[in-house]
Amino acid sequence: MEIIDPTDERVPLKRTLAARRGKLHGAVALLDISKPRGDVFLDRLAELLAGRLPDVKVNRYRKPTFTKPAPEELRRRIAADNDFVIEALAD
């Protein structure tokens, strides 16, 4: 069997990590994109965040459908109320 990589990275790209902000604080948005079991993943993630980062406020959001981008109003609300976003994809 031959596996073909569609990215054509014959020479791997060197990537650097983004700078870290230091201690995580503020609010984080957990965005469920409405795929099956995404809520299960986010429930567990919310528990872990609450246990490990008690100073971080967790806000939950849900897209109406995974087949389209989040509505503009939802994106504005998330941006206005949060410092970070974690998006869940599950099946």
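Say whether the condition of being surrounded by fewer than 12 Cβ atoms within 10 Å (Cβ to Cβ) and at pLDDT 90 or above is met by at least one residue in the stretch 79-88. The answer is yes; a qualifying residue exists. For the stretch 30-46, taking the residues that are of a type in the set (Asp, Glu) and over 12 Å from the mean Cα position of the chain (by Cα), the one that is farthest from Tyr61 (Cα to Cα) is identified as Asp43. Does Pro69 satisfy being at negative phi, modelled with pLDDT of 90 or more, of a type outside the set (D, E, K, R) and exposed (fewer than 12 other Cβ atoms within 10 Å of the Cβ)? Considered against the rule, which asks whether it is at negative phi, modelled with pLDDT of 90 or more, of a type outside the set (D, E, K, R) and exposed (fewer than 12 other Cβ atoms within 10 Å of the Cβ), Pro69 comes out as yes.
If only residues of the stretch 28-61 that are among the small types (Gly, Ala, Ser) and loosely packed, with under 14 Cβ neighbours inside 10 Å are counted, the one that is nearest to Arg77 (Cα to Cα) is Ala50. Across the stretch 58-84, the number of residues qualifying as in contact with a helix residue (DSSP H, G or I) (Cβ under 9 Å, 6 or more places away or on another chain), closer than 12 Å to Ile33 by Cα and in contact (Cβ under 8 Å) with a residue 24 or more places away in the chain comes to 7. Scanning the stretch 24-76 for residues that are of a type in the set (S, T, N, Q) and touching a Ser or Thr at 6+ places or on another chain (Cβ under 9 Å), we see that the one that is nearest to Ala88 (Cα to Cα) is Ser34.
Say whether the condition of being modelled with pLDDT under 90, closer than 15 Å to Val85 by Cα and either of a type in the set (A, V, I, L, M) or touching an Asp or Glu at 6+ places or on another chain (Cβ under 7 Å) (or both) is met by at least one residue in the stretch 7-21. No, the stretch 7-21 contains no residue that is modelled with pLDDT under 90, closer than 15 Å to Val85 by Cα and either of a type in the set (A, V, I, L, M) or touching an Asp or Glu at 6+ places or on another chain (Cβ under 7 Å) (or both).
For beta carbons closer than 8 Å, sequence separation of 6+ or different chains, a first residue in the stretch 32-57 that is touching a residue at least 40 places away in the same chain (Cβ under 8 Å) and a second that is of a type in the set (Phe, Trp, Tyr) and in a loop (DSSP other than H, G, I, E, B), the qualifying pairs are Ile33/Phe66; Lys35/Phe66.
The values are calculated or read from the model by the stated rules, or taken from the named source; none is laboratory data. Keep in mind that this is a model prediction, so the values were computed, not measured. Reconstructed Cβ throughout: ideal geometry from the backbone, glycine too, with neighbour counts over all protein chains shown.
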